[in-house]
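A.B. asks: I'd like to ask you about the structure that follows.
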Amino acid sequence: MGKKADTPEGYALQYRAMLQAVANSCDPTAAEDVLATSPELSEMEVQSLWAVGLFGSEWESEQHDHVSIMDFGEWNRSAGPDFLFAEIKINGRLVRGDIEIDPHAQDWEQHGHGANPRFNNVILHVVLTEPPQGWYTRNSMHMEVPVIYLSAQRVREALDMQQPAIDAICGRSDWNGRTELCAKPLADMGPSQIEDLLLAAAAHRIECKRRRYRRKVAVLGEAQASYEAWAECLGYSANKEPMIMLARRAPIRRLRGVDAEAVLLGTAGFLKPVLPSRAEPEARAYHRRVWDAWWKVKDDFALEGQRSPAWQYTGIRPFNHPHRRVAALAVSATHWQEIMPLLSAAHTRQLVGVLCGLQHPFWERHSMLDSPALQRSCALVGRERVKDFLCNHVYVRDETREAWIAFTRLTHTKLPTRAAHLAHALFGQREDLRGILRHEYACQALLQIGTDFCRNGACQDCLFPVQLKSLCHLR
């Protein structure tokens, strides 16, 4: 990777230079094809990004009119258009009404919107794929609805995905006609060179996350952006997106003066009028208290049908059950004014103490609303969750050198499966790397390399090791 960098900015610059060098050696036509492919997002994810304006506010419609979004609207919680009470300007003329978002322009007719009077107030139809030539979106009064196409470039900008996966644009040809793992061409990299590479990839990853965070802050504000980051962390890998959706549907500002447990558990769709008969008296008493509080605010927060977060339950350990994770978010929300000033490297010790010290008499002994009490109590938030929050948010948010040093000192007991596979593919089984790979920055770096080069998982076809070897002048 060249001369060892002294700063995270220097390391990130080295990694970006390598990415650019590899991209320059690839087929530009193939690269354009990759950039033209929109990342896969669910309708809920697209709506969530639209709700906070991350797709931008200036557009040219398919009718070649200039469209400015003045107010993105209120995210609908029930049937009907996706966003209500929006304000837009079409060629400078102010228009108020609703917005509908569909994967395809044709969905408008296939879903019956064109014949449904409820959609007559739609002033903008947003689609994720380019409409057929001559497409005409009309309501039940046969009035034309302006259409804007959410291009792959817009989606990539919203997700801060400017760089496509390198493996997809390298032509996927074999290295000198052979199929070999990265470990063979990189076998002669010394520990110092590998450490340098991993620090560079980790620094680049932090910069990418920091850029995304700044964009969120510009739209949401510091408190909400950090609240969503904490919700994502509590969701673990299986329920990150549903937790973000929940935090956006029940923002931190709206939890002041209300029962946060009731609002979050209810908005998540977990509360029922009556618990199953198997529920124990303690669970029934807790549920009754929360339900009584939820009933008072239900009309303001409840989500209907497909608008509810899509929770994952398969393969989830009891202590990580969504009921318990949402409860942990609720307890955190009641302390958010205390937590916000601690989100920096200088206050790491205090932050860890506050988050690990969060308590709840019911949820320390239950994994679900209707589950029997556990034989032993368990902390509402464990140290590994807090470490994940430090790594992926606190030290990203904090741009001081102290935060970078704290980040490079974080360690873990075991590499996650994905990172461990990448480490083996890149470097093989090397005892001299154990000390490096136990650091969290190594895990983050491996995940970044995987994102940039290994998305399709065909190690034998990847040009990355040869390019890296050349750039490092390894012979």
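The values are calculated or read from the model by the stated rules, or taken from the named source; none is laboratory data. This structure is a prediction, so every number in the text was calculated from the model and none was measured. As a convention, Cβ positions derive from the backbone with ideal geometry for all residues, glycine included, and neighbour counts pool all protein chains shown.
A.B. asks: Just for the range 304-333: of the residues that are modelled with pLDDT of 95 or more and aliphatic (A, V, I, L, M), which one is surrounded by the most Cβ atoms within 10 Å (Cβ to Cβ)?
C.D. replies: V326
A.B. asks: Among S48, S61, S140, S68, which is among the polar types (S, T, N, Q), under 24 Å from D299 (Cβ atoms), outside the structural domain of V263 (by TED's automatic domain parsing) and touching a Phe, Trp or Tyr at 6+ places or on another chain (Cβ under 9 Å)? Give the steps one after another, and end with the answer.
C.D. replies: Values: S61 fails: under 24 Å from D299 (Cβ atoms); S140 fails: under 24 Å from D299 (Cβ atoms); S68 fails: under 24 Å from D299 (Cβ atoms).
So the residue among S48, S61, S140, S68 that is among the polar types (S, T, N, Q), under 24 Å from D299 (Cβ atoms), outside the structural domain of V263 (by TED's automatic domain parsing) and touching a Phe, Trp or Tyr at 6+ places or on another chain (Cβ under 9 Å) is S48.
A.B. asks: Taking R118 as meeting all but one of (1) in contact with an Asp or Glu (Cβ under 8 Å, 6 or more places away or on another chain); (2) without any contact (Cβ under 8 Å) to a residue 40 or more places away in the chain, write down the number of the exception.
C.D. replies: (1)
A.B. asks: Within the range 256-269, how many residues are in contact with a helix residue (DSSP H, G or I) (Cβ under 8 Å, 6 or more places away or on another chain) and either buried (at least 20 other Cβ atoms within 10 Å of the Cβ) or among the small types (G, A, S) (or both)?
C.D. replies: So the first thing to find is which residues in the range 256-269 are in contact with a helix residue (DSSP H, G or I) (Cβ under 8 Å, 6 or more places away or on another chain), and the list is 258-268.
Cutting the leftovers down to either buried (at least 20 other Cβ atoms within 10 Å of the Cβ) or among the small types (G, A, S) (or both) gives us 260-268.
Selection size over the range 256-269: 9.
A.B. asks: Inspect the range 360-369 for any residue being within 30 Å of A202 (Cα to Cα) and either assigned by TED's automatic domain parsing to the domain that holds A201 or assigned to a loop (DSSP other than H, G, I, E, B) (or both) and give the result as yes or no.
C.D. replies: Within the range 360-369, the first condition is being within 30 Å of A202 (Cα to Cα), and the residues that meet it are none.
No, the conditions are met nowhere in the range 360-369.
A.B. asks: Hey, another quick one. Being of a type in the set (A, V, I, L, M), in contact with a Ser or Thr (Cβ under 6 Å, 6 or more places away or on another chain), assigned to a strand (DSSP E or B) and crowded, with 19+ Cβ neighbours inside 10 Å: is that true of I88 here? Spell out the reasoning first.
C.D. replies: On the way: of a type in the set (A, V, I, L, M): yes; in contact with a Ser or Thr (Cβ under 6 Å, 6 or more places away or on another chain): no; assigned to a strand (DSSP E or B): yes; crowded, with 19+ Cβ neighbours inside 10 Å: yes.
No.
A.B. asks: Against the condition crowded, with 20+ Cβ neighbours inside 10 Å, of a type in the set (G, A, S) and not in a helix (DSSP H, G or I), how does A105 come out, does it pass?
C.D. replies: On the way: crowded, with 20+ Cβ neighbours inside 10 Å: yes; of a type in the set (G, A, S): yes; not in a helix (DSSP H, G or I): yes.
The answer is yes for A105.
A.B. asks: From (1) farther than 30 Å from A283 by Cβ; (2) under 18 Å from the mean Cα position of the chain (by Cα), pick out the condition that doesn't hold for D388.
C.D. replies: D388 satisfies every listed condition except (1).
A.B. asks: So, one more: Restricting the search to the range 79-95, which residues are closer than 27 Å to L246 by Cα and either within 24 Å of the chain's Cα centre (by Cα) or free of Cβ contacts under 8 Å to residues at least 60 places away in the same chain (or both)?
C.D. replies: Of all residues in the range 79-95, those closer than 27 Å to L246 by Cα come to 79-88.
Within the range 79-95, G80, P81, D82, F83, L84, F85, A86, E87, I88 qualify.
A.B. asks: Being surrounded by fewer than 14 Cβ atoms within 10 Å (Cβ to Cβ) and more than 30 Å from the chain's Cα centre (by Cα) is the filter here; which residues of the range 359-372 pass it?
C.D. replies: Just the residues of the range 359-372 that are surrounded by fewer than 14 Cβ atoms within 10 Å (Cβ to Cβ), to begin with: 359, 361.
Hit for the range 359-372 is P361, nothing else.
A.B. asks: Filter the range 53-68 for residues that are surrounded by 13 or more Cβ atoms within 10 Å (Cβ to Cβ) and not in a loop (DSSP other than H, G, I, E, B) and give the result.
C.D. replies: W59, V67, S68
A.B. asks: What residue, of C378, C356, C391, is in the same structural domain as A247 (by TED's automatic domain parsing), touching a residue at least 12 places away in the same chain (Cβ under 8 Å) and crowded, with 20+ Cβ neighbours inside 10 Å? Spell out the reasoning first.
C.D. replies: Details: C378 fails: crowded, with 20+ Cβ neighbours inside 10 Å; C356 fails: crowded, with 20+ Cβ neighbours inside 10 Å.
So the residue among C378, C356, C391 that is in the same structural domain as A247 (by TED's automatic domain parsing), touching a residue at least 12 places away in the same chain (Cβ under 8 Å) and crowded, with 20+ Cβ neighbours inside 10 Å is C391.
A.B. asks: Those residues that are assigned to a helix (DSSP H, G or I), in contact with a Leu (Cβ under 8 Å, 6 or more places away or on another chain) and among the hydrophobic types (A, V, I, L, M, F, W, C), I need them from the range 261-299; list them, please.
C.D. replies: Answer for the range 261-299, where residues must be assigned to a helix (DSSP H, G or I), in contact with a Leu (Cβ under 8 Å, 6 or more places away or on another chain) and among the hydrophobic types (A, V, I, L, M, F, W, C): A262, V263, L264, L265, A283, V290, W291, W294.
A.B. asks: Quick test of your reading of the structure: I316 fulfils all but one of (1) within 18 Å of L380 (Cα to Cα); (2) assigned to a helix (DSSP H, G or I). Name the failing condition by number.
C.D. replies: It is condition (2) that I316 fails.
A.B. asks: Same structure again: Please identify the pairs in which a residue from the range 294-310 that is closer than 13 Å to A260 by Cα has its Cβ atom under 8 Å from the Cβ atom of a residue that is in a helix (DSSP H, G or I) and polar (S, T, N, Q), counting only partners at least 6 apart or on another chain.
C.D. replies: F301/T267
A.B. asks: Checking the condition free of Cβ contacts under 8 Å to residues at least 12 places away in the same chain, at negative phi and over 28 Å from the mean Cα position of the chain (by Cα), which residue from R317, R256, R284, R278 passes?
C.D. replies: Details: R317 fails: over 28 Å from the mean Cα position of the chain (by Cα); R256 fails: over 28 Å from the mean Cα position of the chain (by Cα); R278 fails: free of Cβ contacts under 8 Å to residues at least 12 places away in the same chain.
Exactly one residue qualifies, and that residue is R284.
A.B. asks: Got a number for residues in the range 69-83 being part of a strand (DSSP E or B) and buried (at least 17 other Cβ atoms within 10 Å of the Cβ)? Outline the logic, then answer.
C.D. replies: Of the range 69-83, the ones part of a strand (DSSP E or B) are 69-71, 74-75, 83.
Those left that are additionally buried (at least 17 other Cβ atoms within 10 Å of the Cβ): 69, 75, 83.
Counting residues in the range 69-83 that are part of a strand (DSSP E or B) and buried (at least 17 other Cβ atoms within 10 Å of the Cβ) gives 3.
A.B. asks: Among the residues of the range 22-50, which ones are assigned to a helix (DSSP H, G or I), modelled with pLDDT of 75 or more and of a type in the set (A, V, I, L, M)? Even if it seems obvious, please write down each step before you answer.
C.D. replies: In the first step, residues of the range 22-50 are kept if they are assigned to a helix (DSSP H, G or I); the result is 22-24, 28-35, 43-50.
Subsequent filtering for residues that are modelled with pLDDT of 75 or more retains 43-50.
M44, V46, L49, listed by residue number.
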